[in-house]
1. Which residue out of B:Q130, B:Q151 is assigned to a helix (DSSP H, G or I) and not hydrophobic (A, V, I, L, M, F, W, C)?
2. Take segment B:288-310 and flag every residue that is more than 15 Å from B:L226 (Cα to Cα), assigned to a helix (DSSP H, G or I) and out of contact with any Ser or Thr (no Cβ under 9 Å at 6 or more places or on another chain).
3. Based on what the data block shows, is A:A123 among the small types (G, A, S), in contact (Cβ under 8 Å) with a residue 40 or more places away in the chain and at the interface with chain B (Cβ under 10 Å from one of its Cβ atoms)?
4. Which of the residues that make up segment B:205-234 are in contact (Cβ under 8 Å) with a residue 24 or more places away in the chain, out of contact with any Asp or Glu (no Cβ under 6 Å at 6 or more places or on another chain), crowded, with 19+ Cβ neighbours inside 10 Å and among the hydrophobic types (A, V, I, L, M, F, W, C)?
5. Out of segment B:465-500, which residues are of a type in the set (A, V, I, L, M, F, W, C) and either closer than 16 Å to B:V430 by Cα or assigned to a strand (DSSP E or B) (or both)?
6. Quick test of your reading of the structure: B:T87 fulfils all but one of (1) crowded, with 23+ Cβ neighbours inside 10 Å; (2) over 22 Å from B:F419 (Cα atoms); (3) among the β-branched types (V, I, T). Name the failing condition by number.
7. Please report, ordered by residue number, the strands (runs of 3 or more DSSP E) entirely within segment B:12-114 with at least 2 residues that are out of contact with any His (no Cβ under 8 Å at 6 or more places or on another chain), within 30 Å of B:G207 (Cβ to Cβ) and at pLDDT below 95.
8. Residues being farther than 19 Å from B:Q92 by Cβ and at pLDDT below 85: count how many of those fall in segment B:405-439.
Amino acid sequence: MPTIVKEGEIVDSDFRVIWEEDAAINENNALLPLSTYIDNAESLKGRNDIGVWLDSHEEVETLEPFLDQLPIVALNFPQFHDGRSLSNATILRHHYAFAGEVRAIGDVRRDLVNQMYRCGFNAFEPAEDQTPEDIVSGLKGFTYNYQASIDRPVPLFRLRE
Amino acid sequence: MYIYDEYDQAMVDERVEQFRDQTNRFLAGELSEEEFRHLRLRNGLYIQRLAPMFRIAIPYGLLSSTQLRKLAHIARYYDKGYGHFTTRQNIQFNWPKVEEVPDILAELASVQMHAIQTSGNCIRNVSSDQYAGAIIDEIDDPRPWAELIRQWSTFHPEFNWLPRKFKIAVTGAHEDRAAVQVHDIGVRLVEKDGEIGFEMLAGGGLGRTPAIGAVIREFLPKKHLLTYLAAMMRVYNRYGRRDNKFKARIKILVRAMTPEVYAQKVEAEWEQMKDEPETLTDAEIQRAKSFFTQPPYEELEDDVPELTEPMEKDFAFKSWMSRNVVAHKQPGYAIVNLALKETGVPPGDVTDEQMDIVADLADRYSFSEVRVTHEQNLTLADVRKTDLYTLWKELSQSGLASPNLGLLTDIICCPGGDFCSLANAKSIPVAEAIQRRFDNLDYLHDLGDLDINISGCMNACGHHHVGNIGILGVDKKGEEWYQVSIGGASNQNAALAQILGPSFARDEIPNVVEKIVDLYVAKREEGEHFLDTFSRLGIQPFKDAVYA
């Protein structure tokens, strides 16, 4: 059971990432690879204990038919400096108004998590060498931001008026 | 110029403290080398061959005299007494200590400056036209738009970890001095049916695979600038290549996808965001414009008879007037360029003393403002014509009156192998050797506009692809060689230079340039610019002349 940071709190999560694509799907509380999830989407209907994870090169648009049955979407950061999952999270929250958990997995590090939060992630599974406390201390961002983002949809210039 | 309010100030102040904490954690061994590298790059700090290199943002090249004095202070106190203006209107220092960089950032924040996103794979400092607001041929002042882009791109959470660095340039004039066609995104102010808007370009760039940007949208109403940029960035962030850093720039994506498909994807993405709160309001556009109003010009005669006599008796002044002084839109005023291309001084380098002097001159002659140009020169944009002779005399005393603006010796040049760990070859000594060979001012003036651009490696910081004559340092079995190309241009008629042939040893370069120039002089027709002669003759006669 991984310890994650969710909504700013350190909690134990029931959901764990299944990294292997050929894993069995009969486990509970699993975050399945995208291809595994799609191959089995029909039989997973109605299961609220199964989520999915996408690698950074995968497109969140492929989840569109399944979003209403997914409690969690996890997005991978194979390396912290791969920013594609930031766009995937933004699209998930913004274009599809996905209201479930969006979890950052992979190389999730203190100095990056505030940007992830601003793009719509609300849960963070720390990288191996990071503690949940590191993540909590990294979540706090600057007092103001110029641009619109998922956490602050109104840009600063509209507050200046 | 733009003045920070409490929001802008809070952001740069918090950024300083954030980087101080990151530096402390790195020095304490709590942050890995690799992680700190990415974080420090986003604060302008490189660690390389001889020493760190620290790059400070000068948004769209605009500086107040107070800010320039702060840069002089930083040069004096934290560095070795000089700085280097770059081809993207920034300034670099070469000798700061890593542990002192947070203090330098705090000094910068005290004068509303920063080093945010001056390196790293993120949206870099936005660049623009150094003559903005002062030049006659302007459709609209690009600076308010550049400032809006600066704010929007600063700490953008989605676009801070792009496949590769990302450079945006904005121009508002008919003549393009911002090289928008060779930027990742070029924003050109255009007028359609009486309405001002933007032509949006993408996929231009230099480096290994030079490319001219493609028009992605011919006319974008101005209120949509930021949402459209977000759509352009998102498509690149998702689909730009990340497996090979040499194929990661947006130019490769736009070419692979074709500009048409890239544009379709951008438009589809934009449909999702268009008209959302980030759509610019009239109030915000007015607020941005309010910082770039006209300075309090005096009502002056445009004709200044008192310049006639010094022009007649002082050839150096006359040369300077004809090369470095540009017509202003306001009667009785002139735009004055300070060419930082004194022979024997690396192009773009200025000492702390010179910075202080320019700051004083800006206070006395140009409403306390200075601009940095992408040709690595400085501009005083609003000088009374009656002050020109006095100003020239003062500049002459400080080595700032080189009358070679736009001439062959006004060389654009990267720091090269003397300073940069990426370089294959030195570039500064090549520039100096050329300047020494062409030391006859009469001859240079007769040649007229002729750009030489020198880069020490494929990364093309000296923009050699768009030089009329471009020189590129290459590595051949551990030795420094130079490839020469001709016919490039970075203005509105942007063109990529063609390679002449096999490369040369360093000491051959002045001869090669001389042969190219001699052929031009022999073959040019009345009033023909180098590029005209080149396009009329083609490359073969130049090859024959050089390799004969």
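1. Values: B:Q130 fails: assigned to a helix (DSSP H, G or I).
Of the residues listed, the single one that is assigned to a helix (DSSP H, G or I) and not hydrophobic (A, V, I, L, M, F, W, C) is B:Q151.
2. Applying the first criterion (more than 15 Å from B:L226 (Cα to Cα)) to segment B:288-310 yields B:289-310.
Adding the requirement that they be assigned to a helix (DSSP H, G or I) leaves B:289-290, B:305-310.
Matches in segment B:288-310: B:K289, B:S290, B:P305, B:T308, B:E309, B:P310.
3. Working: among the small types (G, A, S): yes; in contact (Cβ under 8 Å) with a residue 40 or more places away in the chain: yes; at the interface with chain B (Cβ under 10 Å from one of its Cβ atoms): no.
So A:A123 does not fit the description; no.
4. The answer is B:L206, B:A211, B:A214, B:I216, B:L225, B:L229, B:A230, B:M232, B:M233.
5. Let us first name the residues in segment B:465-500 that are of a type in the set (A, V, I, L, M, F, W, C), namely B:466, B:469, B:471-472, B:474, B:481, B:484, B:486, B:489, B:494-497, B:499-500.
Matches in segment B:465-500: B:I469, B:I471, B:L472, B:V474, B:W481, B:V484, B:I486, B:A489, B:A495, B:I499.
6. Here B:T87 clears every test but (2).
7. Values: elements: B:45-47, B:52-56, B:62-64, B:82-85, B:91-93.
Strands (runs of 3 or more DSSP E) meeting the threshold: B:45-47, B:52-56, B:82-85.
8. Summing the residues that are farther than 19 Å from B:Q92 by Cβ and at pLDDT below 85 in segment B:405-439 gives 0.
The values are calculated or read from the model by the stated rules, or taken from the named source; none is laboratory data. Note that this is a predicted model, so its numbers are computed, not measured. No Cβ is skipped: glycine too gets one built from the backbone with ideal geometry, and neighbour counts run over all protein chains shown.
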